[in-house]
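Report on one structure; see the data block that follows.
Every read-out reported here was derived from the displayed coordinates using simple, explicitly stated rules and does not represent laboratory data. Source: prediction; values computed, not measured. Every residue, glycine as well, gets a Cβ built from its backbone with ideal geometry; the counts of neighbours run over all protein chains shown.
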Amino acid sequence: MIKLSGEALAGDQQFGIKPSAISQFAGEIAAAAKAGLQVALVIGGGNIFRGMSDSAKGMDRASADYMGMLATIMNALAVQDALEKMGCDTRVMSAIPMQAVAEPYIRRRAIRHLEKGRVVICAAGTGNPYFTTDTAAALRAMELKTEAIIKATKVDGVYDKDPMKYDDAVKYESITYLETLEKRLGVMDSTATSLAMDNDMPIIVFNLFEEGNIGRVVRGEKIGTIVHG
Ligand code: UDP
């Protein structure tokens with residue numbers, strides 16, 4: 001299970017979708033799938049709309065969250081386009097039924113797609129407001145019985161403080177779920193981390209923007225930080 005935040009699709013832009021940024025990591029995902037690995041993706045929407053952001057101020061939270069979920073569907077279609085251009089078979093499965101553009105998410109069907117070597121792109125998060133796509137990634141990882149959640153970020157692991165702001169920030173090779181929660185390290189939100197913790201689903205945090213990293217992490221090479229029990 002690979003969790004891609006919306007910002008990964010924006011490249012060097014602050015907002016929106018940049019196809020050239022997507023094709024960079026899509027190539028690595030396609031290669032992993034072609035090598036026989038079963039790959040499911042959960043795509044975020046923060047590059048377009050977030051329910052809790054300033055731009056949603058004054059809106060009813062649930063309505064804003066539904067807008068956020070719709071944003072993830074746009075992102076999922078962009079990633080599907082990039083993967084299919086690379087000859088990779090994909091299915092977008094949406095937690096909010098939208099028949100003209102995506103299949104509805106049905107667990108057994110998703111598993112079948114994975115078995116057939118198709119990359120399953122899970123869109124619309126959990127389908128419920130007040131959740132995030134991190135939680136959707138944890139939930140789908142459990143349902144689809146994936147080996148791990150691979151959380152693609154801008155930094156190369158989990159640090160004791162923000163490495164973008166502090167030069168003396170120290171990276172963890174591994175850390176427990178509880179420590180990330182207690183220290184509020186923001187690996188994933190607390191709902192997602194708790195769900196992973198309760199079901200012993202390891203989370204690997206790594207830098208998406210370093211070339212070859214997706215291949216390294218799916219081959220089991222030790223990169224980034226592993227969050228475990
Ligand atoms: N969202 C939601 N329920 C979900 C998943 C997402 O309501 O199960 C909404 C929520 O408003 C969130 C937005 O969709 O802010 C975009 O998702 P997220 O913030 O997780 O995207 P990312 O940060 O990964 O780009």
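The table that follows gives values for the structure above.
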| read-out | value |
| --- | --- |
| For region 2-228, share of DSSP beta bridges that run antiparallel, in % to the nearest 5 | 15 percent |
| Region 1-48 and region 160-184: distance between their alpha carbon centers, rounded to Å | 24 Å |
| Sparse-neighbourhood loop sites, GluC sites (Glu not before Pro) in region 131-229 - DSSP loop, at most 14 other Cβ within 10 angstrom | GLU147, GLU173, GLU210, GLU211, GLU221 |
| 20 Å reach of a label modelled at LYS222, 7 Å along Cα-to-Cβ, counting backbone N of region 1-17 | none |
| Which of LEU9, LEU37 has the fewest Cβ neighbours within 10 Å, and the rest in rising order | LEU37, LEU9 |
| Square roots of five times the Cα gyration tensor eigenvalues for region 143-229, Å | 19, 18, 10 |
| Positive-end extreme of charge dipole, region 72-170 - chosen from ILE150, VAL101, THR135 (charges on Cβ) | VAL101 |
| Across LYS85/LYS165; LYS85/LYS183; LYS18/LYS116; LYS3/LYS171, pairs whose alpha-carbon gap is larger than 32 Å | LYS85/LYS165; LYS85/LYS183 |
| Summed residue charge, Cβ within 12 Å of ALA123's Cβ, Lys/Arg positive, Asp/Glu negative | +1 |
| At 0.692 mPa s and 37 °C, Stokes diffusion of the chain via Kirkwood alpha-carbon radius, µm² per second | 187 µm²/s |
| Around THR132: net Lys/Arg minus Asp/Glu count, Cβ-Cβ under 11 Å | -1 |
| Residue-averaged 222 nm ellipticity for the chain, from DSSP H runs of 4+ at -39500 (n - 2.57), nearest 500 | -11500 deg cm²/dmol |
| Percentage relative contact order, the chain, counting C-alpha pairs under 8 Å, at least six apart | 21 percent |
| Packing-based order for 135-142, 25-32, using average beta carbon neighbours within 10 Å, highest first | 135-142, 25-32 |
| Among 11-22, 193-204, 38-49, the order from most to least packed when residues are scored by Cβ within 10 Å on average | 38-49, 193-204, 11-22 |
| Amide hydrogen neighbours beyond the local backbone of THR90, cut-off 5 Å, H modeled | VAL119 |
